[in-house]
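All remarks here apply to the structure that follows.
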Amino acid sequence: MNANRNQKQHDIIVDSNYVHKKVPIVPIDRSKYIYYNGKLLPVDYILVYTRYHSNHFRRRTHRSKRQHEEYREFFQDRLRKLGFIVVEERLTDEQNDLLNLRQAENSADISDNNNNTNAESNHVLARGFSTLQRHVSIRLQNISSHLKKDSTDTHSKAIDEEESVELEDSKENINRKNDCQNKRTLSNERDDELKQDERYFVKIHAPFEALLVLAEKLKVKLPFSENKAPLRPGLFDHGLPCQFTRLNPTEFPPPHNGKTYFTACYQKSLHYRFSEHFGDINQVFRPAERSRLVYEILLRCPYRSPEPLLTAIDEIESESPEMDSTAPNLVMNSRQSQASEKQTLKIEEVFTSSTRRSGMKDTGIEVLLEEGVYEAAFPLHDQLIDEEDAGEPETWNDRMKLYHRWARFSNIFRVQPIRAIRDYYGERLAFYFAWLGWYNSLLTVPSILGVFVLLWGLLSVKYDQPTLDICNPTSSYLMCPKIDRQAYWFLNETCFNAKISYIFDNSASVAFAIIISIFAVSVNFLWQRQEYRLQFEWDMTDITEETETLRPDFERRVEKTIINKVTDKLEPYVPLYKRLISYMSSFSVVLFMVLLVLAVVAGIVVYRLSVSAAFNTIDREMWIYRWKPIIVPITGALINLVIILILQYFYEILAIWLTNAELHRTDKTYEASLTIKMFLFQFVNYYASIFYIALIKPLIIYKPTHLDHHSRPFRLEECDVSGCVWELSIQLIIIMVGKQLISNIWEFYFSRLWNMCRKRIKFRQTVRQINKRNAKMKQMHDQPLNMNLKRSYEEDFLLQPFELTTLFYEYLEIILQFGFVTFFCLSFPLAPLFAFINNIFEIRIDALKVVKEFRRPVARPATGIGTWNSILPIMAKVTVLSNAFLIAITSEYIPRHVYYWTIGNYSLNGFLHHTLAPFHPSDFPPVINRTLLECEFIEFRLIDLSKQSTFFLPFAQSYHLSHFDCNSSLANEIRSQIDFSTCYYKDYRLDHTHNYARSYMFYYVMVARLAFVIIFEHFVYSILFLVRNFIPRGPRSIRAQLERCRYLVQQMYWGAELYAQNPNLIKKDENRVRVDEAEHDQRRQSTLPSLMTPTNDLTFTGTVGLDV
């Protein structure tokens, strides 16, 4: 290789023909490709394993080491027989990078290959021979039975001659392959004397023909007919009418050049109907679909062959040599058919007899991961480089587009590229982000309304008559002692609490609570409409639920077997009594944790009472005493938040351990059980203290006769005279906002910190080997600065694995937030706004984690958000009941309106006096010293007056010099101004002459509260009933197109068997399809308004035209 060659910079475009020119595209990450037969083939999946040195294992584990090697060799060999290209690369092999670079350069300039005679080119040639051998060995299996047969005999003879030459070459390559296997056995013997652990990466590429076979088995939908009347996008599907909220159409172009197609499950016999819409075969299957198809075959591929079973594949292989003595053309034709049938038979065997559904423990990559045969298995990420070095955005790969145009915080106001997320990650992850973005857009209206409700409270508080009565400085209402106030006190001391309560609890907030309740019960229905649209656009309609595969942990731990009545195969089985024992144990632990949460709530109540009592012992002149009403609830809420987060962390570990101990058969039942445990505990953990303040504490009202030392330890705290709404607001703000803030910070920094720790602790040796290898590469190459030494599979391996529960926690977090927004909106109207702001950042944080910090997850199919569709209606029902009781019990709305319409004569004047009950101090318990209560109140009163007027300044100075005298003239003067014969407390009761019995207004208010709950509930659900009956779940236009698609699919399937037996009819069917499409276009163009359209035409065109 000459010096001039090294100075050239080439950008290689991956295609059938390599283009040698400079273009502004992203540099190719050649480690993501397999150089095979002169082409760069993309890697669809990566398997990672480690060969340990001899000192790593003990003697008793040498057998397991050999067994793991046998499993790996059999597993990878079976993948090759299925038609997959499997290549291993060692991490410390520094020649791999030189090989990839020089192979690409050799393919770019053929003339330089002839002049290249050094030792490195010989290494490239040797590696090329090895890849050629693998290609020829599977050549017979890759002959597609899905391609059209040529009608001319001359062309078939030419093909037969070419295939005969390739078969002759394949014999020589098979012999070479045997020699390579002998050398491999020698190298395996040397591996026992390794000086250090060696990590290997297995690259897997699935040919297009194998993907078609898998698509037929897994019922993957492919386009077969163009949709002439596509759906129009929604009003805000492309973002707001602002440029910074929209996606660039050149960066995210529509699929199929803007055309839309009807799709159907692929069938081999109807290949001609699908192939005409293929175009580039590399674009037929989306990246997520490719990884899913490869994962499905890895999930079912055996790693150990059953000895007594002789499969149909072995019979065909044993019969094939007998045909060599026949005529050459007949041999070629028979071998072509055998190769296609053999590949189909092998994949069918994997999907039937050797599948993990049959209960065999020797099948699937998941079992190999559980047993430690492989360390990891994951699809590869695309290359991720800086935006400055990436060239034009139109040439970026999918991951770069998602990172720079979606995941970064600069795209906060930009609409999400849901289609690109679905193409890269699959439907399951795309449904999560679609639901989160849709739910957040739905929060805009409640957020705006909440701001207006708060402003209404701030502006109207100075006109509220009960609040003015409480804040009246000349108020003479002497309040009775309480458990948190051990002396008399004036009502105007709670002026601040009364104002805060009215700001959150007013007529506008009640109307806001009704709107939020309607919003909560409508969310699930509205999301089902959006989900229905996404299902149609993503070809997830009419998807039959496949049989769930067994969990590897279930197969590994369960020893007893039973015959499955569905598959008629032996599979692991857990007896009923064992399942009952495990379920009862889990239920007991969950119940204990729930009781622990309730005990924590009781502890918080004791803390508040203790702190309030402590405040009563300090000097009232201290500034901290004035902030007592704020300090006590805030500190209690902060302590509660810390305990909630601690219990959440430990319970997550406990719930996963309990669910694993239950030995669930499939992932679906495992996730459902974990969802029930986590949701039940987190519901109680986060909402218990809030429900206590909202619904229980307002009902706790004690008469002053219970203010004795014997009943004090058994008494709970009471609400303030102005109610519990302000305390509920503080509790909700701290728990909701604090939880969201801590969760976002934790998610954003913890994933980065965890990856850093993995690289520096767990994979420290691996990182050192990579750095050492790269240093050698820089010394071996002439221009080290222009080389990309990074390997995508190594970087992806060092990332965190995307677990089954990763997405579960994200759903749970948003569902809990939905409860904070809807359950207690009366006490905090800004809750939707805070949730909206949080979700804006939540989307980007989750996107950053998925794109940059996690390995690429397996693209699992999904038709929606799954179990959470069932939880949302439960949350909606709780919302209706919570808001109904919150307005009826906690709020002052019902008492005020009862007084307004009955006694107040359409006014609230006197409402405060109406809600206070008089109490005679002579009825205090004997243990209460009335004189001491009066003296303490007079003393505090003198201190307050001394701060307000200079007249009491001499007394204040003398007070600090000597003890207070309760019988002094000044004290008697104050005593004469205050009536100590009666004190008041908040309750609907009569005076001492009636033995403090309930007044009639108590029963009026109680009946009004119960009536409001019933009316409120029926009103909300009646609106939901009307919405559900007048607005269908599926939009009319989508239902029309879905019916059209089903009709075309049925028409296509009717002739499938006939066309398979008579291939001559295929062209007739193609002509018929063209004629039908032309007539359909003509009818659509000449369609008159619906009143003048014939009945037959109204079945599809009229319906679509009406909605579109």
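The values are calculated or read from the model by the stated rules, or taken from the named source; none is laboratory data. Worth saying up front: this structure is predicted, and the values here are computed from it rather than measured. Glycine gets a Cβ as well: all are built from the backbone with ideal geometry, and neighbour counts include every protein chain shown. All accessible areas refer to the heavy atoms of the entire protein, side chains included, with ligands and DNA or RNA removed. Shrake-Rupley method; radii C 1.70, N 1.55, O 1.52, S 1.80 Å.
The table below lists the values:
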| read-out | value |
| --- | --- |
| L1010/Q465 FRET efficiency (R0 30 Å; Cβ-Cβ; nearest 0.05) | 0.70 |
| Spin-label model distance (nm) - K39 vs S475, 7 Å beyond Cα toward Cβ | 8.5 |
| Links that overshoot a 20 Å alpha carbon limit, given the list K228/K259; K668/K849; K482/K986 | K668/K849 |
| Out-of-range pairs (alpha-carbon distance over 30 Å; input K219/K759; K762/K852; K39/K778; K81/K778) | K219/K759; K81/K778 |
| Exposure rank, largest accessible area first [R405, R304; 1.4 Å] | R304, R405 |
| Ordering of 738-749, 804-815 by burial proxy (mean other Cβ atoms within 10 Å per residue, highest first) | 804-815, 738-749 |
| Sequence ranges 552-558, 408-414, ranked by mean other-Cβ count within 10 angstrom, highest first | 552-558, 408-414 |
| Point-to-point label distance, C757-D389, nm (Cα→Cβ direction, 7 Å offset) | 3.0 |
| 18 Å tail of the calculated P(r), the stretch 810-893, as % of Cα pairs | 58 |
| Packing rank of 688-700, 250-262, 654-666, where each peptide gets the mean count of other beta carbons within 10 Å, highest leading | 688-700, 654-666, 250-262 |
| Solvent-accessible area of R975 with every protein chain in place, 1.4 Å probe, in Å² to the nearest 10 | 60 |
| Accessible area, probe 1.4 Å, largest first, for residues D382, D667 | D667, D382 |
| From phi via Karplus (6.51, -1.76, 1.60), per-residue ³J(HN,Hα) for the stretch 277-290 in Hz, x at Gly/Pro | 10, 5, x, 6, 5, 6, 10, 5, 9, 5, x, 5, 5, 4 |
